[in-house]
1. How big is the Rg/Rh ratio for the protein assembly as shown, C-alpha atoms only, Rh by Kirkwood, two decimals?
2. Give the distance, in whole Å, between the Cα centre of the range A:183-212 and the Cα centre of the range A:56-130.
3. Between copies, how close do the residue D:128 label points come, placed 7 Å along Cα→Cβ, listed in nm from shortest?
4. Explain nothing, just the number: dipole magnitude of the range B:61-196 about its Cα centre with +1 on each Lys and Arg Cβ and -1 on each Asp and Glu Cβ, in debye rounded to the nearest 20.
5. In nm, what does the list of distances from residue D:21 to its counterparts in the other copies look like, shortest first, when each label sits 7 Å along Cα to Cβ?
6. Carbon and sulfur together cover what percent of the accessible area of chain C at a 1.4 Å probe radius?
7. Considering only D:152, D:122, D:193, whose Cα is most displaced toward the positive end of the charge dipole of the range D:65-207, charges sitting on Cβ of Lys, Arg (+1) and Asp, Glu (-1)?
8. Which GluC sites (Glu not before Pro) from the range D:129-196 combine a DSSP loop assignment with at most 15 other Cβ atoms within 10 Å?
There are 4 protein chains.
Amino acid sequence: MTVRVLVWGENRHEQIDQHVRDLYPDGMHTTIAAGIAENLGDEARVSTTTLDEPEHGLTEQVLAGTDVLVWWGHAAHGEVADDVVDRVHRHVLSGLGLVVLHSGHWSKIFGRLMGTTCTLRWRSERDRELVWTVNPTHPIAQGVPHPIVIEQQEMYGEFFDIPAPDELIFLSTFSGGEVFRSGCTFRRGHGKIFFFSPGDQDYPVYHHRDVRRVIANGVRWAAGDRPRETPTLLRYESGDFFHGHGYTGPIDD
Amino acid sequence: MTVRVLVWGENRHEQIDQHVRDLYPDGMHTTIAAGIAENLGDEARVSTTTLDEPEHGLTEQVLAGTDVLVWWGHAAHGEVADDVVDRVHRHVLSGLGLVVLHSGHWSKIFGRLMGTTCTLRWRSERDRELVWTVNPTHPIAQGVPHPIVIEQQEMYGEFFDIPAPDELIFLSTFSGGEVFRSGCTFRRGHGKIFFFSPGDQDYPVYHHRDVRRVIANGVRWAAGDRPRETPTLLRYESGDFFHGHGYTGPIDD
Amino acid sequence: MTVRVLVWGENRHEQIDQHVRDLYPDGMHTTIAAGIAENLGDEARVSTTTLDEPEHGLTEQVLAGTDVLVWWGHAAHGEVADDVVDRVHRHVLSGLGLVVLHSGHWSKIFGRLMGTTCTLRWRSERDRELVWTVNPTHPIAQGVPHPIVIEQQEMYGEFFDIPAPDELIFLSTFSGGEVFRSGCTFRRGHGKIFFFSPGDQDYPVYHHRDVRRVIANGVRWAAGDRPRETPTLLRYESGDFFHGHGYTGPIDD
Amino acid sequence: MTVRVLVWGENRHEQIDQHVRDLYPDGMHTTIAAGIAENLGDEARVSTTTLDEPEHGLTEQVLAGTDVLVWWGHAAHGEVADDVVDRVHRHVLSGLGLVVLHSGHWSKIFGRLMGTTCTLRWRSERDRELVWTVNPTHPIAQGVPHPIVIEQQEMYGEFFDIPAPDELIFLSTFSGGEVFRSGCTFRRGHGKIFFFSPGDQDYPVYHHRDVRRVIANGVRWAAGDRPRETPTLLRYESGDFFHGHGYTGPIDD
């Protein structure tokens, strides 16, 4: 079954900063999408949308037709409308996979799902980032070297204010000696979430072969377990909200 | 150091339902507070407040003087003002302990911290609830029988839509054969959260010796680790948000 | 890629107890294997072996050609030779998937991997077991009702002395009101382990459609992430034990 | 209640290597013990023992009178007798706290409790180690800077082959860019285990103020929750092994 992937890009730096346009002439979202398509081939159908589309390109209809949403934002988190965030939140809890990249740590949707500030320390001074695998059998870690070497990247450092991840997959170190939980998974409701920190508008990280592989692995993982058979509830009598909230009679009446 | 405990009660059923008033003549919050005081003695100073107080009794000043907030609400979650929820949320992430009881699973503050729907299945038909310990060395489980027997109680059943708890302490079963993760801990930011499901307005559960002991244990646990010494950050140069978000220079300049 | 599954059966009750032979005329291992084959079809090639084979049927060559080992034992845990346990342990840590069923909780191999006593409470008096899903998007939970109803089964109750599972998938309740963490996953080294408690020699549980589905799901899950590409280690100079123990030079010389 | 702490030292390098004797003239165990005593004061009574004592100083009587055992070994793991390891294992599962330091990752007792190889990568070339806190409210992290700076230390790097820790508290980075999960907790049976990697015979790490503070915090944490009241089991009829393995009658007869 083909995974329907939607890459959401803020697409503002690309309009304003020549430096970013040089790195990502077709927009960061396009480069990210190309990396996923290159790795997943026929397994996925990848499309893109951006903040400036009506409803940020995230209508009810679009989300209903999406299996995994990939999110990159940075400068304009505040411009994402709250009702669109509500809608994406509802879809994630109902089974939409979500891959949050880099500065997406401070997006409204990630904060809504985590319940914490999602703050961290940072420094953009061309640190080398090394991405080490601490969960070597996890499907998201397949096919990449240990460590992944990113020659130049923004530093993201602990303390990263997130809930303890369900699974910790990657840890990054930086030239300055800092450390970061750079690859983490979370399950929320029916949805699976993968946060992966490498990637920034000021560095060509989304052209990096291994980073593209990890993001594609994350998409495949986030899509993987969406229930395709509805659980049968014995003698469930009323109410139906997500997993069946409400009054339930005894099962052995 | 004395733990400053504030029990927040919705206090509506007690005004309206004679049945509830019979069980809790001084209000549920008062009974809950008495159970904590009885178990913690000099270790705690326990006070109460309710929804109908100005700002629901949860002003900035009150919260700043509280170590652990205990929350019971049921019929009027929607009446809790969003800006008060914002304030409590900020305090929890900054280190306020939070003990959420029973129907508080659907309170705004719990949902905000969890990021999920927090829905569950229920049936109020005088089921017997058995509360089994699955983490016998945890401080919250000390001093109670295995199982705790609650002769009559509302049934709460899975699926309970919460993130995987950091620690699972109690599992409950009911006469109808249902199961529920009835004692769970979570860390969010600097705050510690304990959810404990036994307790309902229609049953005398907050008079139950073992239930009172667990709630008191939870209060002590949630208070326990609040940082009393501020971490020293080497060469941290700017920005300061919760744990120090913002630009940071290399530590070894 | 076909999953190579080996079902290991103790095969002693079937030789001694007419009651068990009536339920499982071809041996429990054969019934378990049939349930896996029926669910996975071409996806798996399923074979069986038993305790009384030379080296219990678990030679180095057999294990090297196996992706997932399914383990059922009960009365003769002590007869499993320690060097065979050492061998299976080494293979699991190197990537062999392991599905441990019911009384296998007290097998040497499970204890070796868990590091705890793996004790529990039990009572074989024809309790009804209900198996509830608490992780509804997990692949192991796909396609089964909520709850699974097993009309007659041995009771297994908490406290079950295992490490906190990496993932908790199923919780069971029994007629007597007991509760049990009946479906749990663990990662150890490169290996994935699924423990599933329903199933006993005295009840026809391995003929139960939903139980067979869960075991097959567990096999698929345990096979799923075995690394097929060896991680490249930059500038790794000496030693090689599992993931590369030993001296390592700086990566950026 | 005074915590009874026993520091176990291998005490071999100190006999053989002048360099180690210069750093730890009274033995490493004595220095480690002094650091604990200095931080816990009247809260603890700290003693020491070593490998060359009869039964390695770990008789049944000694263990029965100990609340927390601190373990440092390196060159002679193989000389620790298996029956003593069995005995320590049994005591940990019954509630003895255990703090495992540095090269103790490869001790028999740690391997027995983890079930994995506990291998890692290493390089002893005077790397600077930075120890970062990722769980800032945890009691083990109280009172230390972020990061702790250790000017010279052996490098320990991932992949560290342990089960996913129950709690991850510290992450270390090294001059070479490596990363290590350097502070982890585990619960096994009734026992609490803290692994902390800083510390080596070739560096004066156990004289470091912050390292001593962390080890003392770990001792306090590992002692903290030992059950002092035996759980009452309703209608439990036979068998008694650790937490009560064996046949149990229905609770509501």
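The values are calculated or read from the model by the stated rules, or taken from the named source; none is laboratory data. Computed from a prediction, not measured in an experiment: that's the story for all the values here. Here the Cβ is made from the backbone with ideal geometry for all residues, glycine too, and neighbour counts use every protein chain on show. Heads up: the accessible areas ignore ligands, DNA and RNA and are worked out on the full protein's heavy atoms, side chains in. Shrake-Rupley method; radii C 1.70, N 1.55, O 1.52, S 1.80 Å.
1. Numbers: Rg = 27.8 Å, Rh = 29.5 Å.
Across the protein assembly as shown, the Cα-based Rg/Rh ratio is 0.94.
2. Measuring centre to centre over Cα atoms gives 11 Å.
3. Copy-to-copy label distances at residue D:128, shortest first: 1.6, 6.5, 6.7 nm.
4. Details: 12 positive and 15 negative charges, 56 e Å.
For this selection, approximately 280 debye.
5. 7.3, 7.3, 8.5
6. Working: 4070 of 8550 Å².
Roughly 48 percent of what the probe reaches on chain C is carbon or sulfur.
7. Of the listed residues, the answer is D:193.
8. Values: sites: D:129, D:151, D:154, D:158, D:167, D:178; in loops: D:158, D:178.
Hits after loop and neighbour filter: nothing returned.
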